[in-house]
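Okay, so here's the structure we're looking at.
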Amino acid sequence: MAQNLVRFFFLKLLPRPESDKYSKNERMLSDNLIASEQEKKAFVIEREPINGQQRPKVTTPKPVNGQQPLKSPPPTEEARKVPVSDSRWVALRRCLLVLAPIPITAALITLQFVHVVYISARDRYISEVQNALQLAAGAYGTLIVASVSAIALHRIRYELAERDGVALGYLLAGYQLNNLTTLLSKEFWTGSYAKNRGSTRLHHLSLVGLVGLCMFLAHYGQSMGAMLFVPKPGWQAINLKQKDLNLSNESCPAGGYSTILETLPNWNAEYLLLWNLTFFNDDVGRDVVSVPLNFNSAITSSPQHVFARSLANYFQWPHEWKLTLTGINNTPLLMPLVQVQCAPMSSNSSTIDFPYSSLVYAPLTHLPNTTSWTLNASEFPPNLGKPVQFSWANLSGINTGPSLGAVIRLSQLPSNLTNSTVTDGSTTVQLSNETIFSCTIDARWAPVKLYFQPLVDGTVHPDNVYPDLGTPNISQIQIDPTWAESLNLPIPGKDLTAMETLIQSIVANHLEDPQHHDSALFLPELAVSLGLTITDGLARIGWQERFAFTSKQDTDTLTLTTISDSGQFLDTVQYSPDQTRNWLHLEWTEEHYGYGYSATPITAKLAIAVLLLHSALAIGHTIVVCFPKKVWTCDSWGTIGGLVVLAMNSRPDERLMNMSAGIKLKRSWQEIVKIREVAEENLELLVAGESDDEKGVEKQGEKLKPGKDYGTDLGN
């Protein structure tokens, strides 16, 4: 459409050949006005010189043979108009459309950051609400397009009427900013490269840059506004209500032994080689998750029980809220992360080597082959004749290594197993009547966020079960064998301890049961059992010193309530940051699932940036237009139709010869056009020359004067 309109302008500006003194339009007008051949002869077309060129002047036909000629229809009664104004108030009024989207933009951005609006996900009217907001978003997008169109049109009209004009291919750019066909057209890009002969390169680039920016905002401002207008489903943060916390301190490391013993041999908690045990205490669950690696190792993690209890005790009944617990001031919450690797040893060896090749967390990964973690076999008890004999190993003397290991001695194996093999990674080891297994245990504190959704389940979950391998500051836990011994308690009525009983069940399941015999799973499940036991024991450690929480009274004053290590309330004083400067600070985040606004997603941030760019452009345009020393504003030719009428009232130009049937040359689109006053207070769309001295008509053409009214003189 834009190309056809520009071609129409060319047709109106084309010169008439000498052999055709009357244009097609004049002949049609003559045919309509005169009924007979004699009347046609009486119709007179006169031309008067206007600034060196001929301009048609229509005169009334004379009577022929006493007959009265047909009367032409009366002209449209259009009053003369003032296209250019230098009034500051008029400029401000015309900028209202440019500024119209800004209050809505401010409200939308405020909603994203304040989180004051959210709609329940269970609201049965959510579809109607979203549809209504879609309509509002469409109206807002229309305002964005109208705003940037007004900015672009002002600049193009300023170039046409006040400066040296614009390229013909660029003439309609301001009218079709959101038209993809215009953006991809040859005339648009050709006109973009055509610099006005009287302007500098910087001035030309500012015009092209402004129109390009307006096109970008017209295309994407609508969609960006819709992204912020319509609320999105997700977890919406809400204000916390002060509640009393029911805190408890549990410090029994072996409290989960019975659950592990009952679950592990039966594979009740295994799915796709991932072990997940849930420990419940006072209606709150905490997962201990373990995954085997390389058929000889495992990684295990679990949230700390004291944090899980604190989260769960915050809620009194199930609902669709989500509570997240994190550390503040860059101090993360920590959870135990344990990696275990096991390997068979020769029973006749005088030393016991502890494996390290499958440890995945730095700095114990990719250790050189010359690494040796070795202890003398004499440091461990001799064979006591038990089917399973378990001992902890003190590895604290090994530099940069783990602090704890384990040694398992199997004896009294059935005769059918003495020649069996156990898979260790890519190799196999033959079992004997007495076989020793060594295990390396590396424990670390991993950063974590905890969340609780009572409507989903009663379990507290970590945001990431296993931190990335490159996560920094995963500090090592130095485990003393005397603490580890609290996990290996004697079992009443048996000669075996807790760990020995657990390992005996694994031996029976994978080495002695002929129906389920799978020696390849023995080492990974041995690593899983040690990892589950150590991790659960570390997770059950309570606080060793005081615990405190802040609360707000009727005023804005915060109080600090201190609790002893046994869970008893000690005192309540006015809170001061200096009192807990060196403490671990915990932060609660309560969220509600529903439809709401948030500035967190990257798409919301991008939309905010685009809308702020439009606001800055609109405000900058208003300042430039309304507050310079010399105000210039124009509201004429605001539509394509108005520009068409201006071209129809303009005389032709010989530089547009042979373009009535189409335009193929790029340089034709680069012809510069401008609007000037040409005699008798008439405005025309002229083709600019190389200079003002090239033609007398261009030299005599004047720029539009502010406050002056103009009209079209037909020579009557």
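Some points to look at:
- Looking only at the range 659-678, and only at residues there that are open to solvent by 40 Å² or more (accessible area, probe 1.4 Å) and of a type in the set (Gly, Ala, Ser), the one that is nearest to Val84 (Cα to Cα): Ser660
- Qualifying residue in the range 691-702 (condition: in contact with a Gly (Cβ under 6 Å, 6 or more places away or on another chain), part of a loop (DSSP other than H, G, I, E, B), among the charged types (D, E, K, R) and modelled with pLDDT under 85): yes
- The range 88-106, residues that are touching a strand residue (DSSP E or B) at 6+ places or on another chain (Cβ under 7 Å) and more than 12 Å from His621 (Cβ to Cβ): Val90
- Residues of the range 382-420 satisfying the condition of being over 20 Å from Leu530 (Cβ atoms) and either open to solvent by 60 Å² or more (accessible area, probe 1.4 Å) or modelled with pLDDT of 90 or more (or both): Pro382, Asn383, Leu384, Gly397, Asn399, Thr400, Gln412, Ser415, Asn416, Asn419
- Unmet criterion (only one of (1) among the β-branched types (Val, Ile, Thr); (2) modelled with pLDDT of 95 or more; (3) in a strand (DSSP E or B)) for Ile119: (2)
- Val631 on the phi < 0 side of the Ramachandran plot and assigned to a helix (DSSP H, G or I): no
- Pick from the range 559-582, criterion surrounded by 13 or more Cβ atoms within 10 Å (Cβ to Cβ) and part of a loop (DSSP other than H, G, I, E, B), ranking: modelled with the highest pLDDT: Tyr575
- The condition of being open to solvent by 10 Å² or more (accessible area, probe 1.4 Å), at pLDDT 75 or above and not in a helix (DSSP H, G or I) holds for only one of Leu359, Leu364, Leu334, that being Leu334.
- Residue ID - nearest to Pro292 (Cα to Cα), chosen from residues in the range 367-381 that are assigned to a loop (DSSP other than H, G, I, E, B), touching a strand residue (DSSP E or B) at 6+ places or on another chain (Cβ under 9 Å) and open to solvent by 40 Å² or more (accessible area, probe 1.4 Å): Ser372
- Any hit, the range 433-447, residues being among the aromatic types (Phe, Trp, Tyr), modelled with pLDDT of 85 or more and under 30 Å from Thr324 (Cβ atoms): yes
- Identity of the residue in the range 141-198, surrounded by fewer than 23 Cβ atoms within 10 Å (Cβ to Cβ) and of a type in the set (Phe, Trp, Tyr), that ends up farthest from Phe229 (Cα to Cα): Tyr193
- Residues in the range 199-217 that are open to solvent by 80 Å² or more (accessible area, probe 1.4 Å) and within 21 Å of Val687 (Cα to Cα) were compared, and the one that is nearest to the chain's Cα centre (by Cα) is Arg201.
- For the range 604-623, the criterion of being assigned to a helix (DSSP H, G or I) and within 30 Å of Val456 (Cβ to Cβ) is satisfied by at least one residue.
One line per residue, one yes/no per condition, for (1) crowded, with 22+ Cβ neighbours inside 10 Å; (2) in a helix (DSSP H, G or I); (3) at pLDDT 85 or above; (4) in contact with a Cys (Cβ under 8 Å, 6 or more places away or on another chain):
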| residue | (1), (2), (3), (4) |
| --- | --- |
| Pro467 | no, no, no, no |
| Thr471 | no, no, no, no |
| Ile479 | yes, no, yes, no |
| Glu485 | no, yes, yes, no |
| His517 | no, no, no, no |
| Ala527 | yes, yes, yes, yes |
| Leu530 | yes, yes, yes, yes |
| Gln544 | no, no, no, no |
| Ala548 | no, no, no, no |
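- Contact map, the range 273-288: residues that are under 20 Å from Leu523 (Cβ atoms) and of a type in the set (A, V, I, L, M) paired with residues that are open to solvent by 10 Å² or more (accessible area, probe 1.4 Å) and modelled with pLDDT of 80 or more, Cβ distance under 6 Å, separation 6+ or inter-chain. Pairs shown: Leu273/Pro292; Leu274/Val291.
The values are calculated or read from the model by the stated rules, or taken from the named source; none is laboratory data. Every value quoted in this text rests on a predicted model; they were computed, and no experiment measured them. FYI the Cβ positions are ideal-geometry reconstructions off the backbone, even for glycines, and counts take in every protein chain you see. The accessibility values were calculated without ligands, DNA or RNA, using every heavy atom of the protein model including side chains. Shrake-Rupley method; radii C 1.70, N 1.55, O 1.52, S 1.80 Å.
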